[in-house]
Amino acid sequence: MIKNFLLNILLTLVWIALTGQLNYANFLFGFVIGFEILWLLVRRTDKEEDKGYFYKAPRVLSFAVFFLYEMIKANIEVTYEIMLPKFKMKPGIIEYKHELKSDFEITMLTNFIALTPGTMVLKISPDKKTVYIHALYLQDKDKFIKRMKNGLERRLIEVFR
């Protein structure tokens, strides 16, 4: 998988050298073209480890877009709360039982929770199966837990496994 990623970066740099323009749009376009070229070359092989990159890359992109959307939405909620005199906050603490296996996955989950405005990780249980989260806008605990399971945790599992 790393081999294909590095080849994709190499093809991107070749594209930039051929066009003679180094900017974000040209880099992104070269990356997409390199991805498609590698996909066309690798899809005929029987090696599953070579094909893994082409399943992971769209998942990473999907996760990035999802997290960016969630962060913008949370920023708007917090800004709205600050600007208007109405008090709509309903803070609370959630005991969130996750299905992550490795310490790295748990660390990534807690980092992404902490990066989102309005949420903060308070504690991880000693058995590492439960995370205690403080949320500013906790209207319904079950809805929050379902949103975490179907959103952030599911996408993290797709990316890291």
*asked:* Condition first: touching a Gly at 6+ places or on another chain (Cβ under 8 Å) and more than 20 Å from K146 (Cβ to Cβ). Can you find one or more residues in the stretch 101-119 that meet it?
replied: no
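Looking at the stretch 59-70, is at least one residue in a helix (DSSP H, G or I), on the phi < 0 side of the Ramachandran plot and more than 25 Å from the chain's Cα centre (by Cα)?
No: zero hits.
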*For D127, indicate whether it is part of a loop (DSSP other than H, G, I, E, B) and at pLDDT 90 or above.*
yes
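I'm checking my understanding of the structure. Among residues of the stretch 60-100 that are among the small types (G, A, S) and modelled with pLDDT of 90 or more, which one is farthest from H134 (Cα to Cα)? Steps first, please.
Taking the stretch 60-100 as the starting set, the residues that turn out to be among the small types (G, A, S) are 62, 64, 74, 92.
Filter once more, so that each one left must be modelled with pLDDT of 90 or more: 62, 64, 92.
Working: S62: 26, A64: 23, G92: 6 Å.
Among those that are among the small types (G, A, S) and modelled with pLDDT of 90 or more, it is S62.
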_I want to confirm something. Restricting to the stretch 85-130 and keeping residues that are touching a helix residue (DSSP H, G or I) at 6+ places or on another chain (Cβ under 7 Å) and among the basic types (K, R), which single residue is surrounded by the most Cβ atoms within 10 Å (Cβ to Cβ)?_
K128
*May I ask you to list the residues in the stretch 121-147 that are hydrophobic (A, V, I, L, M, F, W, C) and in contact with a Leu (Cβ under 9 Å, 6 or more places away or on another chain)?*
V121, V131, I133, F144
*If we scan the stretch 28-40, do we find a residue that is more than 21 Å from the chain's Cα centre (by Cα), surrounded by 11 or more Cβ atoms within 10 Å (Cβ to Cβ), without any contact (Cβ under 8 Å) to a residue 40 or more places away in the chain and assigned by TED's automatic domain parsing to the domain that holds I133?*
no
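So which of I72, I82, I133 ends up being out of contact with any Pro (no Cβ under 8 Å at 6 or more places or on another chain) and either acidic (D, E) or surrounded by 14 or more Cβ atoms within 10 Å (Cβ to Cβ) (or both)?
Details: I72 fails: either acidic (D, E) or surrounded by 14 or more Cβ atoms within 10 Å (Cβ to Cβ) (or both); I82 fails: either acidic (D, E) or surrounded by 14 or more Cβ atoms within 10 Å (Cβ to Cβ) (or both).
Unique residue meeting the criteria: I133.
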*Spot the failing condition for K51; the list is (1) assigned to a helix (DSSP H, G or I); (2) surrounded by fewer than 16 Cβ atoms within 10 Å (Cβ to Cβ), and only one is missed.*
(2)
*asked:* Considering only residues that are exposed (fewer than 13 other Cβ atoms within 10 Å of the Cβ), assigned to a helix (DSSP H, G or I) and either modelled with pLDDT under 90 or among the polar types (S, T, N, Q) (or both), which ones fall in the stretch 13-27?
replied: T19
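The values are calculated or read from the model by the stated rules, or taken from the named source; none is laboratory data. Because the structure is a prediction, the values reported are computed rather than measured. Note that each Cβ is placed from the backbone with ideal geometry, even for glycine, and that neighbours are counted across all protein chains shown.
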